[in-house]
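Heads up: the structure comes next, in structure tokens.
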Amino acid sequence: MIVRISAEGQYDLADSLHERLNDLDDAVVAAVEAADEAAFHAAFEELLRFVRSEGRRHDGDDLAESDFILPPADLSFQEAGEDFTGEGLIPEPA
Amino acid sequence: MPGMGGRMSTVIKAKISKLLDRAEDPAETLDYSYQRQLESLQNVKKGIADVVTAKKRLQMQSQKLEQSVVKLDTQARQALGQGNEELARVALERKNVAQTELQSLDQQVTELEAQQQKLTESEQRLRQKIEAFRTKKEVIKAQYSAAEAQVRISEAATGVGEEMADVGLAMQRATDKTEQMRARADAVSELEAAGTFEDLTALGSGQDDIDRQLHQLSSQSQVDDELSRMKAELGAGSGSGDPGQLPAGEEGKQA
């Protein structure tokens, strides 16, 4: 699957990582819904770190659409309130 | 899928399918898309130029403030050397304000630097994708029938469309930050215009409004500390109390 971190680029991740990604996404949602700013920053950074470390940069010549698009790394807590709600950005694996 | 990712993908797909519905000639659609992509690239370049301009402006402000800090420090020493402790205190308070502004400006210059770097990377990425699209569109035009071409356009355009939307988002964020910093730089200019960092010799004897604000703004204990340190230095440096022999070399280290 291809995951994009906005304003950063696309990463190729193994499909098997979907569940782990979903868990990390849910953790961000939980922090946002709990209005816990510190927890949000920690969880969001964890999510991005996971994508960067587990994924490989997607080839620039390939014109592929992302499966998931994550917000930019400098997302503020206020902005997060608009994105990370409900099931978050990564849905449950089918 | 809720959230920004979902919204963004949906918007792009809607735009592309609309474009394809209208298209009678796929080849024309492809060329049109390519032109639009080149236009976006121009906008990105312009955005980068704006960020660079904002950065230069802040750097100039920062240099001016550095000069003010040095000048105010010197003035404080002179005032103290002449036994005018009150004037020295005012100078140090102003120096304090100038230093705080300076720190904040330097931080913003660093931030703009990062924005510039990010945008430049985005621009390169976008350029690469557009180039890939150009190659692909020629292949599609040459090899596929009109019906097949529609499908291929959709595939290629979605990928490059997402990239363009993403670079657009990066641009928007950079522009917002640049605006904030421009406002900040303007505020510093206003402070300067109001005489906050001006030559002390231009000061009247009484306390003006800015002086009162400065008392609130600046950290009093920091000024007190600096004042006593300066006094000690002056005492050690010139037993005769002659202001001509002030040790002036310490300013840089304190700033």
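Here chain A carries DSSP beta bridges of which approximately 65% are antiparallel, counting only pairs with both residues inside.
Counting Lys and Arg as +1 and Asp and Glu as -1 over every other residue whose Cβ lies under 12 Å from the Cβ of B:Val52, the net charge comes to +3. In chain A, helical runs assigned H by DSSP with n ≥ 4 each contribute -39500 (n - 2.57); averaged across all residues and rounded to the nearest 500, the mean residue ellipticity at 222 nm is -14000 deg cm²/dmol. Inter-chain neighbour count for A:64-73: the average number of beta-carbon atoms from partner chains within 10 Å of each residue's beta-carbon is 6. The order of B:Arg182, B:Arg125, going from fewest to most other C-beta atoms within 10 Å of their C-beta, is B:Arg182, B:Arg125. Structure remark: mean-square fluctuation, Gaussian network model of chain A, C-alpha springs under 10 Å; the largest value among A:Leu75, A:Leu48, A:Leu13 belongs to A:Leu75.
Model label points for B:Gln180 and B:Gln67, set 7 angstrom from Cα along the Cα-to-Cβ axis, are 3.0 nm apart.
Each reported figure results from applying straightforward, stated rules to the coordinates on display, with no laboratory input. Note that the structure is a prediction, hence the values are computed from the model and not measured. Please note: Cβ atoms are built from the backbone with ideal geometry, for glycine as well, and neighbour counts cover all protein chains shown.
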